[in-house]
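The next block holds one structure in the form of C-alpha coordinates; read it before the comments.
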Amino acid sequence: MKSLFVVVVVAVVCLWPMVGITSDWKQYPYYPKQANLSFPKDEGAHKAKLLEWWYVVIHAKGETTGDEYSILVTHFSNRFRFFDVTNISANVHLSGTTNGRIKAAEGYLDVRQQTPWGTDIMRTKRTQAGGLIPFEYEMLTHHSSMGLQAELVAQKPPMMVGGDAYVQIGKSGWSWYYSLSRLEVRGRLTFNGITENISGIGWMDHQWGPFLISPVELGGVFESYEWFCVQLDDGTEMMISNIYDRKYRLPQTAAYGGVGIYYKDGSMDGVVKKTFVRTKYWFDPDSKTYMSMGWRLIIPEMDTDLILTPKIENQMVSFPLGGSFWEGAMRVEGKLRGKPVNGVGFGELMHHFQGPKLQLS
(Lines give C-alpha, C1' and ligand atoms only; values in the text may rest on other atoms or scores of the structure.)
Protein backbone atom coordinates (compact mmCIF):
# COMPACT_ATOMS: atom_id res chain seq x y z
CA MET A 1 0.00 0.00 0.00
CA LYS A 2 1.29 3.45 -0.86
CA SER A 3 2.06 5.86 1.95
CA LEU A 4 4.02 9.08 2.32
CA PHE A 5 7.71 8.30 2.38
CA VAL A 6 11.17 9.65 1.60
CA VAL A 7 13.46 7.95 -0.91
CA VAL A 8 17.18 8.22 -0.19
CA VAL A 9 19.72 6.24 -2.21
CA VAL A 10 23.33 6.56 -3.32
CA ALA A 11 24.09 8.43 -6.54
CA VAL A 12 25.92 6.50 -9.26
CA VAL A 13 27.21 8.26 -12.37
CA CYS A 14 26.35 6.62 -15.67
CA LEU A 15 28.19 7.05 -18.94
CA TRP A 16 26.30 9.51 -21.13
CA PRO A 17 27.90 10.70 -24.35
CA MET A 18 29.72 14.03 -24.18
CA VAL A 19 28.86 15.67 -27.49
CA GLY A 20 29.17 19.44 -27.90
CA ILE A 21 26.92 21.67 -29.96
CA THR A 22 28.12 22.01 -33.55
CA SER A 23 27.23 24.84 -35.90
CA ASP A 24 25.36 22.65 -38.38
CA TRP A 25 22.51 21.41 -36.16
CA LYS A 26 19.84 23.90 -37.22
CA GLN A 27 19.14 22.40 -40.62
CA TYR A 28 17.05 19.63 -42.16
CA PRO A 29 17.85 16.85 -42.50
CA TYR A 30 19.55 16.64 -39.12
CA TYR A 31 20.97 13.35 -37.86
CA PRO A 32 21.99 13.35 -34.17
CA LYS A 33 25.22 11.45 -33.63
CA GLN A 34 23.97 9.78 -30.47
CA ALA A 35 20.72 8.26 -31.77
CA ASN A 36 19.18 6.53 -34.75
CA LEU A 37 16.72 9.38 -35.37
CA SER A 38 16.39 11.92 -38.13
CA PHE A 39 14.73 15.32 -38.32
CA PRO A 40 12.20 16.39 -39.55
CA LYS A 41 11.05 12.79 -40.10
CA ASP A 42 10.91 11.81 -36.43
CA GLU A 43 9.12 15.01 -35.46
CA GLY A 44 6.08 13.63 -37.26
CA ALA A 45 3.76 10.73 -36.44
CA HIS A 46 4.84 7.09 -36.35
CA LYS A 47 2.64 4.23 -37.44
CA ALA A 48 4.43 1.44 -35.58
CA LYS A 49 3.58 2.56 -32.05
CA LEU A 50 1.00 2.10 -29.34
CA LEU A 51 1.14 5.57 -27.83
CA GLU A 52 2.58 8.89 -29.01
CA TRP A 53 2.47 12.41 -27.66
CA TRP A 54 3.70 15.93 -28.34
CA TYR A 55 4.13 17.86 -25.08
CA VAL A 56 4.90 21.56 -24.57
CA VAL A 57 5.35 23.57 -21.37
CA ILE A 58 5.93 27.32 -21.30
CA HIS A 59 7.10 29.75 -18.61
CA ALA A 60 6.04 33.23 -19.72
CA LYS A 61 5.36 36.79 -18.65
CA GLY A 62 2.47 38.93 -19.82
CA GLU A 63 3.60 42.10 -21.57
CA THR A 64 0.52 44.10 -20.48
CA THR A 65 -0.17 42.88 -16.95
CA GLY A 66 3.36 41.79 -16.05
CA ASP A 67 1.83 38.59 -14.66
CA GLU A 68 3.74 35.33 -14.60
CA TYR A 69 2.15 32.36 -16.39
CA SER A 70 2.83 28.67 -16.83
CA ILE A 71 1.21 26.85 -19.75
CA LEU A 72 0.84 23.18 -20.69
CA VAL A 73 -0.33 21.83 -24.06
CA THR A 74 -0.21 18.13 -24.96
CA HIS A 75 -1.64 16.22 -27.92
CA PHE A 76 -2.01 12.45 -27.61
CA SER A 77 -2.44 9.90 -30.36
CA ASN A 78 -5.29 8.41 -28.28
CA ARG A 79 -7.31 11.63 -28.92
CA PHE A 80 -6.81 13.39 -25.56
CA ARG A 81 -5.71 17.01 -25.44
CA PHE A 82 -4.47 18.79 -22.29
CA PHE A 83 -4.44 22.58 -22.06
CA ASP A 84 -3.70 24.05 -18.62
CA VAL A 85 -2.87 27.65 -17.78
CA THR A 86 -1.81 29.06 -14.42
CA ASN A 87 -1.57 32.76 -13.63
CA ILE A 88 1.01 32.42 -10.89
CA SER A 89 0.86 36.09 -9.98
CA ALA A 90 -2.90 35.93 -9.38
CA ASN A 91 -2.88 32.35 -8.00
CA VAL A 92 -5.46 31.24 -10.58
CA HIS A 93 -5.32 27.87 -12.37
CA LEU A 94 -7.62 26.55 -15.10
CA SER A 95 -7.54 23.06 -16.63
CA GLY A 96 -8.96 22.36 -20.08
CA THR A 97 -8.87 18.65 -20.88
CA THR A 98 -10.80 17.49 -23.92
CA ASN A 99 -10.63 14.92 -26.71
CA GLY A 100 -11.25 14.94 -30.41
CA ARG A 101 -10.16 13.60 -33.75
CA ILE A 102 -6.44 14.05 -34.28
CA LYS A 103 -4.57 14.08 -37.59
CA ALA A 104 -0.77 14.00 -37.47
CA ALA A 105 1.40 14.07 -40.57
CA GLU A 106 4.21 11.58 -41.10
CA GLY A 107 7.66 12.84 -42.06
CA TYR A 108 7.40 16.25 -40.36
CA LEU A 109 5.58 17.92 -37.47
CA ASP A 110 2.02 18.89 -38.33
CA VAL A 111 -0.52 17.93 -35.68
CA ARG A 112 -4.13 19.09 -35.98
CA GLN A 113 -6.77 18.18 -33.43
CA GLN A 114 -10.47 18.96 -33.53
CA THR A 115 -11.93 20.31 -30.27
CA PRO A 116 -15.37 21.77 -29.46
CA TRP A 117 -13.76 25.24 -29.51
CA GLY A 118 -11.74 25.03 -32.74
CA THR A 119 -8.89 23.21 -34.46
CA ASP A 120 -5.70 23.03 -32.43
CA ILE A 121 -2.43 23.14 -34.37
CA MET A 122 1.16 22.23 -33.48
CA ARG A 123 3.51 22.27 -36.46
CA THR A 124 6.86 23.29 -37.90
CA LYS A 125 6.88 26.79 -39.39
CA ARG A 126 7.29 27.24 -43.13
CA THR A 127 8.89 29.85 -45.36
CA GLN A 128 6.78 31.88 -47.79
CA ALA A 129 7.85 29.39 -50.45
CA GLY A 130 6.49 26.52 -48.34
CA GLY A 131 9.74 25.02 -47.08
CA LEU A 132 10.11 23.83 -43.49
CA ILE A 133 12.07 26.10 -41.14
CA PRO A 134 14.29 23.78 -39.06
CA PHE A 135 13.41 23.64 -35.37
CA GLU A 136 10.96 26.53 -35.42
CA TYR A 137 7.33 25.86 -34.55
CA GLU A 138 3.90 27.43 -34.22
CA MET A 139 0.94 26.53 -32.03
CA LEU A 140 -2.74 27.38 -31.85
CA THR A 141 -4.74 26.05 -28.90
CA HIS A 142 -8.39 26.60 -27.96
CA HIS A 143 -10.66 26.16 -24.97
CA SER A 144 -13.81 27.74 -23.54
CA SER A 145 -12.16 30.59 -21.62
CA MET A 146 -8.54 30.18 -22.77
CA GLY A 147 -6.61 30.46 -25.99
CA LEU A 148 -2.97 30.40 -27.07
CA GLN A 149 -1.14 31.41 -30.23
CA ALA A 150 2.61 30.97 -29.95
CA GLU A 151 5.84 30.68 -31.92
CA LEU A 152 8.72 28.62 -30.53
CA VAL A 153 12.35 28.70 -31.69
CA ALA A 154 14.83 26.06 -30.48
CA GLN A 155 18.02 27.44 -28.96
CA LYS A 156 19.81 24.07 -28.69
CA PRO A 157 19.78 20.79 -30.66
CA PRO A 158 17.34 18.08 -29.56
CA MET A 159 18.36 16.30 -26.37
CA MET A 160 18.44 12.54 -26.81
CA VAL A 161 16.85 11.28 -23.59
CA GLY A 162 18.91 8.55 -21.97
CA GLY A 163 21.80 9.44 -24.25
CA ASP A 164 20.55 7.56 -27.31
CA ALA A 165 16.81 8.43 -27.25
CA TYR A 166 15.85 4.83 -26.44
CA VAL A 167 14.11 4.64 -23.06
CA GLN A 168 12.84 1.57 -21.21
CA ILE A 169 9.74 2.41 -19.13
CA GLY A 170 9.70 -0.04 -16.25
CA LYS A 171 7.75 -3.09 -17.35
CA SER A 172 5.26 -0.93 -19.27
CA GLY A 173 7.26 -1.03 -22.52
CA TRP A 174 9.81 1.20 -24.22
CA SER A 175 9.86 4.37 -26.31
CA TRP A 176 11.85 6.69 -28.50
CA TYR A 177 12.16 10.02 -26.70
CA TYR A 178 13.79 13.37 -27.44
CA SER A 179 13.35 16.85 -25.97
CA LEU A 180 13.78 20.37 -27.25
CA SER A 181 14.90 21.59 -23.88
CA ARG A 182 15.21 25.34 -24.48
CA LEU A 183 12.77 27.18 -26.72
CA GLU A 184 12.39 30.92 -27.09
CA VAL A 185 8.64 31.61 -26.95
CA ARG A 186 6.57 34.56 -28.11
CA GLY A 187 2.83 34.60 -28.51
CA ARG A 188 -0.56 35.77 -27.42
CA LEU A 189 -2.56 34.33 -24.52
CA THR A 190 -6.22 34.67 -23.62
CA PHE A 191 -6.89 33.75 -20.01
CA ASN A 192 -9.57 34.63 -17.49
CA GLY A 193 -10.93 37.52 -19.55
CA ILE A 194 -7.55 39.05 -20.48
CA THR A 195 -5.75 38.79 -23.83
CA GLU A 196 -2.12 39.91 -23.96
CA ASN A 197 1.20 39.23 -25.61
CA ILE A 198 3.55 36.89 -23.75
CA SER A 199 7.22 35.95 -23.96
CA GLY A 200 9.35 33.40 -22.19
CA ILE A 201 10.97 29.98 -22.49
CA GLY A 202 9.54 26.57 -23.30
CA TRP A 203 10.29 22.85 -23.39
CA MET A 204 8.95 20.33 -25.93
CA ASP A 205 8.89 16.54 -25.57
CA HIS A 206 8.08 14.01 -28.28
CA GLN A 207 7.74 10.39 -27.20
CA TRP A 208 6.41 7.33 -28.99
CA GLY A 209 6.54 3.57 -28.76
CA PRO A 210 4.86 0.37 -27.57
CA PHE A 211 4.18 1.38 -23.98
CA LEU A 212 1.05 2.06 -21.96
CA ILE A 213 0.59 4.30 -18.95
CA SER A 214 -2.51 5.94 -17.51
CA PRO A 215 -3.33 8.44 -14.74
CA VAL A 216 -6.29 6.21 -13.81
CA GLU A 217 -5.38 3.75 -11.06
CA LEU A 218 -6.77 0.25 -11.55
CA GLY A 219 -5.39 -1.76 -8.68
CA GLY A 220 -1.78 -1.67 -9.79
CA VAL A 221 -2.43 -2.35 -13.48
CA PHE A 222 -0.38 0.69 -14.53
CA GLU A 223 3.01 1.87 -13.34
CA SER A 224 3.08 5.50 -12.18
CA TYR A 225 5.73 8.19 -12.15
CA GLU A 226 7.03 11.61 -11.12
CA TRP A 227 8.78 13.62 -13.86
CA PHE A 228 10.48 17.03 -13.84
CA CYS A 229 12.11 19.23 -16.47
CA VAL A 230 14.47 21.95 -15.21
CA GLN A 231 15.86 24.98 -17.06
CA LEU A 232 18.68 26.73 -15.23
CA ASP A 233 19.89 30.28 -15.75
CA ASP A 234 23.40 29.06 -16.69
CA GLY A 235 22.03 27.40 -19.85
CA THR A 236 21.79 23.87 -18.40
CA GLU A 237 18.68 21.71 -18.59
CA MET A 238 17.87 18.64 -16.51
CA MET A 239 15.32 15.86 -16.67
CA ILE A 240 14.46 13.97 -13.47
CA SER A 241 12.23 10.90 -13.44
CA ASN A 242 11.01 8.36 -10.89
CA ILE A 243 8.96 5.41 -12.15
CA TYR A 244 7.09 3.37 -9.54
CA ASP A 245 6.55 -0.30 -10.23
CA ARG A 246 3.19 -2.01 -9.76
CA LYS A 247 3.93 -2.54 -6.07
CA TYR A 248 4.64 1.18 -5.65
CA ARG A 249 8.39 0.70 -5.25
CA LEU A 250 11.19 2.70 -6.88
CA PRO A 251 13.74 0.26 -8.33
CA GLN A 252 17.08 2.00 -8.81
CA THR A 253 17.71 0.90 -12.38
CA ALA A 254 17.74 2.81 -15.67
CA ALA A 255 14.32 1.41 -16.60
CA TYR A 256 12.83 3.18 -13.58
CA GLY A 257 14.23 6.66 -13.99
CA GLY A 258 17.27 8.80 -13.29
CA VAL A 259 18.65 12.26 -14.01
CA GLY A 260 19.79 13.55 -17.39
CA ILE A 261 21.84 16.75 -17.60
CA TYR A 262 22.24 18.78 -20.80
CA TYR A 263 24.86 21.51 -20.46
CA LYS A 264 25.02 24.82 -22.29
CA ASP A 265 27.76 23.55 -24.63
CA GLY A 266 25.65 20.55 -25.70
CA SER A 267 27.47 17.93 -23.64
CA MET A 268 25.42 15.48 -21.59
CA ASP A 269 25.80 13.26 -18.59
CA GLY A 270 23.54 11.80 -15.97
CA VAL A 271 22.92 9.38 -13.14
CA VAL A 272 20.63 6.42 -12.61
CA LYS A 273 20.62 6.34 -8.82
CA LYS A 274 20.21 9.49 -6.81
CA THR A 275 19.28 10.98 -3.47
CA PHE A 276 15.77 12.38 -4.00
CA VAL A 277 13.85 13.60 -0.96
CA ARG A 278 10.20 14.60 -0.89
CA THR A 279 10.11 17.52 1.53
CA LYS A 280 6.37 18.23 1.52
CA TYR A 281 3.01 16.76 0.51
CA TRP A 282 -0.27 18.36 -0.50
CA PHE A 283 -3.81 17.00 -0.25
CA ASP A 284 -6.00 17.51 -3.32
CA PRO A 285 -9.60 17.84 -2.11
CA ASP A 286 -11.04 16.80 -5.48
CA SER A 287 -9.11 13.56 -6.06
CA LYS A 288 -8.87 12.91 -2.29
CA THR A 289 -5.21 11.98 -2.62
CA TYR A 290 -1.83 13.34 -1.57
CA MET A 291 0.75 14.53 -4.06
CA SER A 292 4.43 15.14 -3.34
CA MET A 293 4.83 18.93 -3.28
CA GLY A 294 8.46 19.75 -2.48
CA TRP A 295 11.67 18.04 -3.56
CA ARG A 296 15.42 17.98 -3.02
CA LEU A 297 17.88 16.37 -5.44
CA ILE A 298 21.37 15.51 -4.17
CA ILE A 299 24.14 14.02 -6.32
CA PRO A 300 27.31 14.00 -4.16
CA GLU A 301 29.62 12.83 -6.95
CA MET A 302 28.62 15.89 -8.99
CA ASP A 303 28.61 18.32 -6.03
CA THR A 304 24.96 18.98 -6.89
CA ASP A 305 22.18 19.91 -4.47
CA LEU A 306 18.94 21.39 -5.82
CA ILE A 307 15.70 22.43 -4.14
CA LEU A 308 12.49 22.34 -6.24
CA THR A 309 9.51 24.27 -4.88
CA PRO A 310 6.09 24.57 -6.59
CA LYS A 311 5.08 28.13 -7.38
CA ILE A 312 1.51 27.31 -6.34
CA GLU A 313 0.17 23.99 -5.11
CA ASN A 314 -3.15 23.53 -6.92
CA GLN A 315 -2.09 22.91 -10.53
CA MET A 316 -4.13 19.77 -11.22
CA VAL A 317 -4.97 18.50 -14.71
CA SER A 318 -8.57 17.37 -14.92
CA PHE A 319 -9.00 13.79 -16.16
CA PRO A 320 -12.05 11.49 -16.10
CA LEU A 321 -12.52 8.35 -13.98
CA GLY A 322 -10.66 9.78 -11.00
CA GLY A 323 -7.42 10.14 -12.93
CA SER A 324 -6.64 13.80 -12.28
CA PHE A 325 -2.93 14.48 -11.78
CA TRP A 326 -0.55 17.38 -11.12
CA GLU A 327 1.25 19.44 -13.77
CA GLY A 328 2.86 22.58 -12.49
CA ALA A 329 5.58 25.19 -12.47
CA MET A 330 8.25 25.40 -9.81
CA ARG A 331 11.29 27.44 -8.87
CA VAL A 332 14.69 25.78 -8.66
CA GLU A 333 17.72 26.87 -6.64
CA GLY A 334 20.88 25.37 -5.25
CA LYS A 335 24.17 24.29 -6.76
CA LEU A 336 25.19 22.31 -9.84
CA ARG A 337 28.75 21.00 -9.90
CA GLY A 338 29.55 23.28 -7.00
CA LYS A 339 28.32 26.50 -8.65
CA PRO A 340 25.21 28.42 -7.47
CA VAL A 341 22.28 28.15 -9.90
CA ASN A 342 18.69 29.30 -10.16
CA GLY A 343 15.99 28.51 -12.65
CA VAL A 344 12.52 27.18 -13.33
CA GLY A 345 11.07 23.72 -13.56
CA PHE A 346 7.88 21.92 -14.46
CA GLY A 347 6.62 18.72 -12.93
CA GLU A 348 4.25 15.98 -14.04
CA LEU A 349 3.12 13.88 -11.09
CA MET A 350 1.02 10.83 -11.87
CA HIS A 351 1.85 9.11 -8.60
CA HIS A 352 -0.67 9.54 -5.80
CA PHE A 353 0.03 8.87 -2.13
CA GLN A 354 -2.26 7.80 0.66
CA GLY A 355 -2.41 9.61 3.99
CA PRO A 356 0.66 9.66 6.22
CA LYS A 357 1.16 7.02 8.86
CA LEU A 358 2.72 8.59 11.94
CA GLN A 359 4.51 6.88 14.82
CA LEU A 360 5.68 8.45 18.05
CA SER A 361 8.94 7.19 19.45
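The values are calculated or read from the model by the stated rules, or taken from the named source; none is laboratory data. Being a predicted model, the structure only gives us computed values, none of them experimental. Here the Cβ is made from the backbone with ideal geometry for all residues, glycine too, and neighbour counts use every protein chain on show. Just the protein is used for accessible areas: all its heavy atoms, side chains included, with ligands, DNA and RNA removed. Shrake-Rupley method; radii C 1.70, N 1.55, O 1.52, S 1.80 Å.
The figures follow:
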quantity	calculated
Carbon/sulfur fraction of accessible area - the chain, other protein chains in place, 1.4 Å, %	53 percent
Two-site label geometry, Y166 and E333: point separation in nm, points 7 Å out along Cα→Cβ	4.2 nm
Radius of gyration and Dmax over the Cα atoms of the range 172-266, both given in Å	17.0, 47
In nm, spacing of pseudo-spin labels at K61 and S267 (7 Å Cα→C-beta vector)	3.2 nm
Compactness index (Cα Rg / 2.2 N^0.38 Å), the chain	0.94
Set of aspartates and glutamates near K280 by C-alpha distance (under 20 Å), chain-local residues within fewer than 8 positions excluded	E226, D305, E313, E327, E333, E348
Phi to ³J(HN,Hα) by Karplus 6.51 cos²θ - 1.76 cosθ + 1.60 over the range 140-154, Hz, x for Gly, Pro	9, 9, 10, 7, 4, 10, 9, x, 9, 10, 8, 10, 10, 10, 5
Members of K33/K103; K33/K273; K247/K273 lying beyond 22 Å, as alpha-carbon distances in this model show	K33/K103; K33/K273
Inter-centroid distance (Cα atoms) of the range 273-347 relative to the range 193-268, Å	11 Å
Per-residue ³J(HN,Hα) for the range 226-235, Karplus 6.51 cos²θ - 1.76 cosθ + 1.60, θ = phi - 60°, Hz, x for Gly and Pro	10, 9, 9, 10, 10, 10, 9, 5, 8, x
Calculated FRET value between Q27 and D233, using beta carbons and R₀ = 35 Å, to 0.05	0.80
Cα-derived Rg over Rh, computed across the range 53-98 with Rh taken as Kirkwood radius	1.06
Charged-residue dipole, Cβ positions (Lys, Arg, Asp, Glu), the range 156-315 about Cα centre, Debye nearest 20	360 debye
Solvent exposure of the chain as accessible area per residue, Å², 1.4 Å probe	42 Å²
Too-long pairs where the Cα-Cα distance tops 20 Å, listed order kept, from K274/K335; K26/K339; K41/K171	K26/K339; K41/K171
Nonlocal amide H pairs with Y108, under 5 Å, H built at 1.01 Å	G44, A45
3J(HN,Hα) from dihedral phi, the range 183-199, Karplus parametrisation 6.51/-1.76/1.60, rounded to Hz, x for glycine, proline	10, 7, 10, 9, x, 9, 10, 10, 7, 6, x, 10, 10, 8, 6, 10, 8
